[in-house]
Structure formats: structure tokens, C-alpha cells
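Let me begin by presenting the structure, written as C-alpha cells, before commenting on it.
The values are calculated or read from the model by the stated rules, or taken from the named source; none is laboratory data. Keep in mind the model is a prediction, meaning the values are calculated, not measured. In this analysis, Cβ positions are derived from the backbone assuming ideal geometry, glycine residues included, and neighbour counts consider all displayed protein chains.
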Amino acid sequence: MEYIGIFDVIGPNMIGPSSSHTAGAVSMALLARKMFGREIKKVTFTLYGSFARTFKGHGTDKALLGGILGFATDDERIRDAFPIAKICHMEYEFLIDQKTQTEHPNTADIVLESPDGYVQSVRGESIGGGKVKIVRINQIEVEFTGEYSTLIVKQTDKPGIVAHITQCLSNQDVNIAFMRLFREDKGATAYTIVESDEKIPESVLDEMKRNQNVHEIMLIQV
Amino acid sequence: MDFTNAAELLEQCEKQQLSISEVMEEREMTVGEASRQTINERMARVIQIMEKSTHHPIEHAQKSIGGLIGGEAKLIDLYAKERAPICGMTLSKAIAYAMAVLEVNATMGLIVAAPTAGSSGVVPGALIAIQEAYQLSQEELQRGLMNTSAVGYLLMRNASVSGAEAGCQAEVGSASAMAASGIVEMLGGTPGMCMQAASMALSNLLGLVCDPIAGLVEAPCQGRNAIGVSNAFTSAQLALSGVRHPIPFDEMAAAMYKVGRSLPFELRETAMGGNAGTPTGCTFCLQK
């Protein structure tokens with residue numbers, strides 16, 4: 001059973017009003033920002049399910065935009081996310097989709113664009129108590145929470161890639177807590193997701209990138 | 001040092017001659033591997049947020065984003081200053097503080113979920129009002145909070161603190177049990193009295209449904225936080241007087257969870273029943 005400590009009960013410190021519709025929204029957007037790892041010019045959110053129906057009264061829109069601006073769940077600037085985004089020259093758009101059925105009621109798609117035209121799309125779910133899951137990257141179904149240090153490797157699905165990834169990690173003494181592979185089709189784009197209890201040293205990335213079938217590496221540190 | 005239920009917690013207190021807050025702190029350091037310094041720093045931040053969120057709306061009332069609440073804490077404070085308040089000064093303050101925290105929450109301000117955002121007013125409202133009335137130190141307030149976290153941990157572990165899972169009794173009911181126990185320790189009661197108070201508080205709110213109007217964390221949530229505080233005060237006073245609740249805490253927690261699971265879907269945070277399902281409640285839904 002997961003450890004429940006003092007500050008899991010008396011906490012989290014958060015911007016209200018709702019752990020799932022506000023704090024969870026901040027967390028999923030912040031994860032999308034960290035995964036993107038580039039300057040953000042434009043963000044488009046699509047809200048589904050309960051997010052689509054009750055986002056205004058829960059400030060879900062401000063929370064999502066706040067996360068993209070890099071605010072944590074206890075940052076009092078979240079309330080002013082709209083004017084701050086304007087000052088930062090960040091374009092934003094909200095699309096409300098009340099028709100599409102998603103697996104989880106609190107779901108949002110977040111599409112980020114850099115000034116040089118790089119685009120990445122992420123789907124997040126807010127699963128309760130402020131906890132979130134990323135369940136899709138660029139149309140490929142994945143699953144991770146961001147509660148651990150997470151390495152996301154975009155690769156071509158070819159033999160030897162996973163061995164290469166684990167070798168690079170083992171060379172730097174990184175202990176793997178969880179590791180999973182997600183792919184579209186055989187031989188197409190795939191994602192390897194590695195979660196670790198400790199910080200993953202950035203030097204791992206340089207070595208990993210040397211393999212020609214590794215296209216992109218995202219690193220989220222706890 | 002770990003414990004998984006109230007019986008084990010009380011056994012630890014007895015064996016080592018420690019208070020509930022001390023056992024919880026020991027557990028955080030041994031099982032949770034946190035240093036005393038880290039605990040103190042995080043606690044100081046929690047207290048800072050709680051102090052601001054209990055007091056700020058009394059001076060600066062603000063309308064909630066959903067539009068259902070705002071300004072209540074200020075009104076209660078004014079009434080208590082102008083006339084002899086029915087609830088007495090300490091409870092009047094505690095009610096105003098608890099409702100203030102919900103106002104901060106509903107205006108996208110900073111709060112400490114304790115144990116949830118919807119029930120975040122009960123623990124700070126009750127404990128800070130007691131601290132002020134009895135002129136207790138920050139250290140004593142911290143002890144009280146640590147005590148509440150032990151009760152909350154047991155309810156999270158062995159029952160539920162989620163309105164969607166087990167109704168408002170699991171949110172405000174749990175917060176009220178936590179606060180009742182915390183007050184007893186702050187006022188010098190024994191660990192046994194703390195669990196008596198918690199057990200009574202749970203029992204008094206058993207069956208309370210979760211029926212947020214328009215699905216928002218505003219009403220009736222804010223009023224329920226005031227009741228959570230009042231119930232915590234009453235239960236703490238009964239326990240300190242030596243009044244006993246016949247059902248031990250562990251059985252009460254199990255009963256609360258069982259009642260919660262048997263509540264119909266409409267009364268578990270779906271905004272379909274109770275207050276939310278009334279003709280007037282539904283009109284707020286349509287405005288969204």
C-alpha cells in the first residue's frame with residue numbers, strides 16, 4: 001500500500017476550487033509544457049466530458065493555461081493566467097467538445113506549437129485528488145503520471161532500441177522503477193517510457209541520442 | 001514505527017507514553033524518511049496558508065467564480081461584533097474562519113486541502129479559533145495539526161475521504177473527526193479522548209450526502225464546513241468531559257465507509273440529487 005504521510009492528509013497546498021478540475025488541470029498542463037521542452041508560441045486546449053461542462057465555475061481554463069505558463073498547483077498567479085499569457089505573447093485557444101466520449105470524464109487535449117513550427121499534442125486525464133495521467137502523445141496511446149522522474153523516448157520501432165536505452169541508463173547507474181513500450185504499428189513510431197525514483201542525469205540523453213532510431217527524448221524530473 | 005488503525009495507534013501512545021501527534025511525527029520520520037526540519041518547514045508553510053485563508057475574506061470579501069457564495073465570513077464577523085453571538089465568540093470565529101477558507105477556495109485562492117478542497121475550512125477554522133481563544137503557541141497549533149493528520153490518515157487508509165466515493169460524510173465528516181481529535185490534544189486531553197471525539201464526530205455526520213449545486217465547490221459545501229466545525233467543537237467538549245461514544249473509532253470508520261458505498265449515485269458528487277436536484281438548484285446548472 002502506498003505511504004500516506006502527514007502532508008498527504010494536510011495537503012496539497014493548492015489553488016482552489018477543485019483538486020480534480022483545478023489542481024489536476026494545472027498538473028497535466030505543466031507536464032505537457034515539460035514534455036515540450038521548447039519555447040511555446042501557441043497552445044490549443046480541447047476540453048471533454050465534465051471538463052467541457054463545468055470548466056468555467058472551476059477555473060479549469062485558467063488552471064490549464066497557468067500550467068502551460070509554468071505555474072505549479074500552489075501558484076497564486078493562476079487566477080491571472082489570461083492577462084499573464086497576453087504579456088508573455090502566448091496565443092491560446094479553448095475548444096469545447098461535449099460530443100466526443102472519452103474514457104475518463106475529466107479529459108483535455110493540449111496542442112503546443114513553438115515559434116519555429118514544431119507541434120506536439122498530448123492528452124491528459126485528471127483522475128481525482130489532483131492526480132493526473134498522460135494517456136496520449138501525438139495520437140499514440142501511452143500511460144504515465146509524472147510522479148516519478150520520467151524519460152520518454154520517441155523512436156522507430158526497430159530491434160535493439162530498448163536494449164540501447166536500458167544500456168545507457170545502466171551506464172549511469174539509473175535504477176528503473178517502471179518501463180513500458182507503446183507503439184502504433186510494427187516498424188512505425190513508438191515511445192519507450194522509463195520511470196525512476198531518482199533524478200535521471202541529463203548526460204544520459206546525449207548517449208541515448210547517438211542511436212539513429214532515437215528521434216526525440218523528453219525528460220521530466222521530479 | 002507504523003500503525004494501520006486506531007487500536008494500534010493508541011497502543012503505541014500507551015506503550016511509549018506519547019501523544020497522537022508525537023506518534024504521527026515519529027512515523028513520518030521513520031516510515032516516511034523525513035527529517036524533523038523538513039516536517040517543521042512544511043508545517044510552517046501549511047500554517048501560513050491556513051492563517052491567511054481563514055482571515056483574509058473577513059476584511060476582503062470576494063464573489064466566487066461560480067457566483068453562489070462570497071462575503072459570508074465578513075457578515076458572521078460583523079454580527080458577532082455587534083451582538084452577543086448565539087454560538088459564543090469562539091465558535092462564531094471558527095465558523096467564520098471555516099467559511100472564509102471555502103470563499104478563498106471558490107475564488108481561486110490558495111488553500112490547504114485538509115483532507116480535501118471541499119472540506120478545507122473545518123480543520124484550520126476549528127484549530128486556529130481554539131489557538132486564539134486559549135492563547136496557544138504555534139508549536140501547540142502544529143501539534144494539533146499533526147494529530148488531525150493521524151486521524152485523516154486512518155480514514156484515507158481504512159475508509160474514504162472522497163465525496164464521489166462516499167458522500168460528504170467522507171469529506172466534511174472526516175475533516176470534522178480530524179478537527180475534534182486535534183482540539184482535544186491541544187486542550188490537554190488523552191489519546192483515548194481524542195479518538196472518542198473523532199468517533200463521535202463521524203457518528204454525528206453519518207449519512208451526509210454530497211450534493212454540490214451546479215457541480216461547484218461552493219454551496220452547500222461552505223455551510224457544511226461551518227457544521228463540520230460546530231460538530232468538532234461539540235464532540236471535543238463531550239470527549240474532554242468524559243462522555244463516551246459506545247462504538248470505537250475503527251468500527252466507526254468502517255461504518256462510515258459502508259454507509260458511503262450504499263449511498264445512491266445521485267448523492268455522491270454528481271450534482272443530481274439533494275440541493276443540486278431541487279428546482280432552484282437545477283436553474284443554476286442551466287446557467288453554466
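Only one of B:GLU165, B:GLU251, B:GLU218, B:GLU171 is under 15 Å from the mean Cα position of the chain (by Cα) and among the acidic types (Asp, Glu). Can you tell me which? So the residue among B:GLU165, B:GLU251, B:GLU218, B:GLU171 that is under 15 Å from the mean Cα position of the chain (by Cα) and among the acidic types (Asp, Glu) is B:GLU171. Does A:GLY57 count as buried (at least 24 other Cβ atoms within 10 Å of the Cβ), facing another protein chain (nearest Cβ under 8 Å) and either in contact with a Cys (Cβ under 9 Å, 6 or more places away or on another chain) or not in a loop (DSSP other than H, G, I, E, B) (or both)? Yes: the conditions hold for A:GLY57. In summary, A:LYS199 fulfils each of the numbered conditions (1) surrounded by 17 or more Cβ atoms within 10 Å (Cβ to Cβ); (2) basic (Lys, Arg); (3) touching a residue at least 24 places away in the same chain (Cβ under 8 Å) with the single exception of condition (1).
If I filter region B:30-51 for residues that are of a type in the set (S, T, N, Q), in contact (Cβ under 8 Å) with a residue 40 or more places away in the chain and under 24 Å from A:SER19 (Cα atoms), do I get at least one hit? There is no residue in region B:30-51 that is of a type in the set (S, T, N, Q), in contact (Cβ under 8 Å) with a residue 40 or more places away in the chain and under 24 Å from A:SER19 (Cα atoms). With a requirement of 2 or more residues that are under 15 Å from the mean Cα position of the chain (by Cα) and surrounded by 13 or more Cβ atoms within 10 Å (Cβ to Cβ), the strands (runs of 3 or more DSSP E) lying completely within region A:77-162 that satisfy it span A:106-113, A:119-128, A:131-137, A:140-144, A:149-156. Selection of region B:33-70 for residues being over 16 Å from B:SER120 (Cβ atoms) and of a type in the set (Asp, Glu) yields B:GLU33, B:GLU41, B:GLU59. Against the list (1) in contact with a Gly (Cβ under 8 Å, 6 or more places away or on another chain); (2) more than 9 Å from chain A (Cβ to nearest Cβ); (3) closer than 21 Å to B:GLN222 by Cβ, the condition B:ASN147 fails is (3).
The set of residues in region A:1-42 that are part of a helix (DSSP H, G or I) and within 30 Å of A:ASP116 (Cβ to Cβ) comprises A:ALA25, A:VAL26, A:SER27, A:MET28, A:ALA29, A:LEU30, A:LEU31, A:ALA32, A:ARG33, A:LYS34, A:MET35, A:PHE36. Taken together, A:GLN167, A:GLN139, A:GLN155 contain a single residue that is in contact with a helix residue (DSSP H, G or I) (Cβ under 6 Å, 6 or more places away or on another chain) and farther than 30 Å from B:ALA117 by Cα, which is A:GLN155.
Within region A:60-72, the residues that satisfy the criterion of being within 24 Å of B:LEU68 (Cα to Cα) and either in contact with a His (Cβ under 9 Å, 6 or more places away or on another chain) or assigned to a loop (DSSP other than H, G, I, E, B) (or both) are A:THR60, A:ALA63. For region B:64-118, filtered to residues that are of a type in the set (Lys, Arg) and out of contact with any helix residue (DSSP H, G or I) (no Cβ under 9 Å at 6 or more places or on another chain), the residue that is nearest to B:ILE130 (Cα to Cα) is B:LYS81.
Among the residues of region B:65-76 satisfying the criterion of being touching a residue at least 60 places away in the same chain (Cβ under 8 Å) and within 21 Å of the chain's Cα centre (by Cα), which is nearest to the other protein chains (Cβ to nearest Cβ)? Checked region B:65-76; the qualifying residue nearest to the other protein chains (Cβ to nearest Cβ) is B:ILE69.
Scanning region B:108-134 for residues that are more than 7 Å from every other protein chain (Cβ to nearest Cβ), crowded, with 24+ Cβ neighbours inside 10 Å and outside any helix (DSSP H, G or I) yields B:GLY118, B:SER119, B:SER120, B:GLY121.
For A:GLY160, state whether it is at pLDDT below 95 and in the same structural domain as A:ALA29 (by TED's automatic domain parsing). Judged against the criteria, A:GLY160 is not a match. Residue pairs whose Cβ atoms lie under 7 Å apart, separated by 6 or more positions or on different chains, with the first residue in region A:45-63 and more than 19 Å from A:PRO83 (Cβ to Cβ) and of a type outside the set (A, V, I, L, M) and the second modelled with pLDDT of 95 or more and in a helix (DSSP H, G or I), are A:PHE51/A:THR60; A:HIS58/A:THR22.
Taking first residues from region B:189-207 that are under 18 Å from B:VAL172 (Cα atoms) and partners that are in a helix (DSSP H, G or I) and acidic (Asp, Glu), the Cβ contacts under 8 Å between residues at least 6 apart in sequence or on separate chains come to B:CYS194/B:GLU185. Under the condition of being surrounded by fewer than 23 Cβ atoms within 10 Å (Cβ to Cβ) and away from every other protein chain (no Cβ under 14 Å), the residues counted in region A:41-54 number 4.
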